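Q: Sharing a structure here in structure tokens format.
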Amino acid sequence: MNKFLKITLGVLGVILLGIGLLVVAFVLEMKPDKDEEEKIKIQAEQYLEDKFNDNFEVYDTLYDNIGNFGFEYAAKVRDKKDKTEFLVYYDNETEQIVDTYIADKWGDDLETEIRPFIKENFGKATDFHVFIINDKIGQELGIDPVNPKSYKEFDVAPTIRITVHQKRSDRDEKILNEFISFLKSEDKLQNGSVIMEYIAENGVILDDEWGKEF
């Protein structure tokens, strides 16, 4: 019996040691490397000096430890004038430093345009966000970040995600159609997609999301 108990305790000890090592490895992997953070800051500051003007500043870094983005480290940058926040990072595909400024600025601009309609028709508690999926659109279109122009001058098709904190109702499709008509008739946006999602205040999904392209 003592021998069996010793073997059992030994096996449990090995298992617990393995779990402990996994936990330690996970915690270390979740923590950003200070040297890498400093490196991207320096790269971003030089990039801003070359491409932008004095209105822009690096204020933080982002470490992507779960693969949400196409980079591990990015510098968080802010336009001190209009408060647009965006990322500067090293793109492995192009092997260049790139930024998301135009994508984020145009998204912010469109959000400002549609906010009154959404709050009035979907409810004041409604959350929404505009995504321009191609975050390097500024570089691809050759747009000068100091003179960013308007998204209306280009063929962009953003995604507008609207989150309401209630269950889906019969009137939602009618309101969504009116919203799309508003976008097109008021020359806010000619192409894009709108997604509706339903989430309770505690984060529980209330209904399947759905949407429309136009």
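Q: Which residues, counting only those in the stretch 85-104, are more than 13 Å from the chain's Cα centre (by Cα), modelled with pLDDT of 95 or more and not β-branched (Val, Ile, Thr)?
A: From the stretch 85-104, those more than 13 Å from the chain's Cα centre (by Cα) are 88-99, 102; that's our starting set.
After this cut, where a residue has to be modelled with pLDDT of 95 or more as well, the list is 88-90, 97-99, 102.
The answer is Tyr89, Tyr90, Asp99.
Q: Can you tell me which of Asp50, Asp79, Asp33 is at pLDDT 65 or above, within 25 Å of the chain's Cα centre (by Cα) and under 29 Å from Val146 (Cβ atoms)? Can you show your working first?
A: Working: Asp50 fails: within 25 Å of the chain's Cα centre (by Cα); Asp33 fails: under 29 Å from Val146 (Cβ atoms).
After ruling out the rest, the residue left standing is Asp79.
Q: For the stretch 173-214, which positions are more than 19 Å from Val130 (Cβ to Cβ) and among the charged types (D, E, K, R)?
A: Glu173, Lys174, Glu201, Asp207, Asp208
Q: Is the stretch 191-200 home to any residue that is open to solvent by 70 Å² or more (accessible area, probe 1.4 Å) and more than 30 Å from Asn92 (Cβ to Cβ)?
A: Step one: of the stretch 191-200, the residues open to solvent by 70 Å² or more (accessible area, probe 1.4 Å) are none.
Scanning the stretch 191-200, I find no residue that is open to solvent by 70 Å² or more (accessible area, probe 1.4 Å) and more than 30 Å from Asn92 (Cβ to Cβ), so the answer is no.
Q: Inside the stretch 84-93, can you point out the residues that are without any contact (Cβ under 8 Å) to a residue 24 or more places away in the chain and more than 18 Å from Tyr151 (Cα to Cα)?
A: If the condition is that a residue be without any contact (Cβ under 8 Å) to a residue 24 or more places away in the chain and more than 18 Å from Tyr151 (Cα to Cα), then Asn92, Glu93 are the ones that fit.
Q: Examine the stretch 167-184 for a residue that is of a type in the set (A, V, I, L, M, F, W, C) and exposed (fewer than 12 other Cβ atoms within 10 Å of the Cβ), and state whether such a residue exists. So that I can check it myself, show each step before the final result.
A: Keep residues of the stretch 167-184 that are of a type in the set (A, V, I, L, M, F, W, C), which gives 175-176, 179-180, 182-183.
With exposed (fewer than 12 other Cβ atoms within 10 Å of the Cβ) added as a condition, the list becomes none.
Looking through the stretch 167-184, none of the residues is of a type in the set (A, V, I, L, M, F, W, C) and exposed (fewer than 12 other Cβ atoms within 10 Å of the Cβ).
Q: Looking only at the stretch 67-110, count how many residues are touching a Gly at 6+ places or on another chain (Cβ under 6 Å) and part of a strand (DSSP E or B).
A: Residues meeting the conditions: 0.
Q: Hey, another quick one. Pairs, please: C-beta under 9 Å, at least 6 apart or cross-chain, first residue touching a residue at least 12 places away in the same chain (Cβ under 8 Å) and more than 18 Å from Ile42 (Cβ to Cβ) and in the stretch 53-67, second assigned to a loop (DSSP other than H, G, I, E, B) and open to solvent by 60 Å² or more (accessible area, probe 1.4 Å)?
A: Asn53/Val146; Asn55/Lys80; Asn55/Lys81; Asn55/Asp82; Asn55/Val146; Asn65/Lys31; Asn65/Glu72
Q: Here's a follow-up. If you take the residues in the stretch 121-148 that are charged (D, E, K, R) and either modelled with pLDDT under 95 or within 16 Å of Asp99 (Cβ to Cβ) (or both), which one is most open to solvent (accessible area, probe 1.4 Å)?
A: This residue is Lys124.
Q: Scan the stretch 61-81 and tell me whether some residue there is open to solvent by 50 Å² or more (accessible area, probe 1.4 Å) and within 30 Å of Phe182 (Cα to Cα).
A: Yes, the conditions are met somewhere in the stretch 61-81.
Q: Which of the residues spanning the stretch 119-162 are more than 30 Å from Glu49 (Cβ to Cβ) and β-branched (Val, Ile, Thr)?
A: Thr126, Thr159, Ile160, Ile162
Q: Sort through Ile102, Ile118 and tell me the only one that's under 26 Å from Lys174 (Cα atoms), open to solvent by less than 30 Å² (accessible area, probe 1.4 Å) and among the hydrophobic types (A, V, I, L, M, F, W, C). If you could, list the steps in order and put the result at the bottom.
A: Working: Ile102 fails: under 26 Å from Lys174 (Cα atoms).
After applying the criteria, what remains is Ile118.
Q: Also, I was wondering about something else. Go through the stretch 116-153 and give me each residue that's over 22 Å from Arg78 (Cα atoms) and of a type outside the set (Lys, Arg).
A: Initially, the stretch 116-153 is screened for residues over 22 Å from Arg78 (Cα atoms), giving 116-127, 152-153.
If the condition is that a residue be over 22 Å from Arg78 (Cα atoms) and of a type outside the set (Lys, Arg), then Pro116, Phe117, Ile118, Glu120, Asn121, Phe122, Gly123, Ala125, Thr126, Asp127, Glu153 are the ones that fit.
The values are calculated or read from the model by the stated rules, or taken from the named source; none is laboratory data. The model shown is predicted, which means the values in this text are computed figures rather than measured ones. No Cβ is skipped: glycine too gets one built from the backbone with ideal geometry, and neighbour counts run over all protein chains shown. SASA here: full protein model, heavy atoms, side chains in, ligands and nucleic acids out. Shrake-Rupley method; radii C 1.70, N 1.55, O 1.52, S 1.80 Å.
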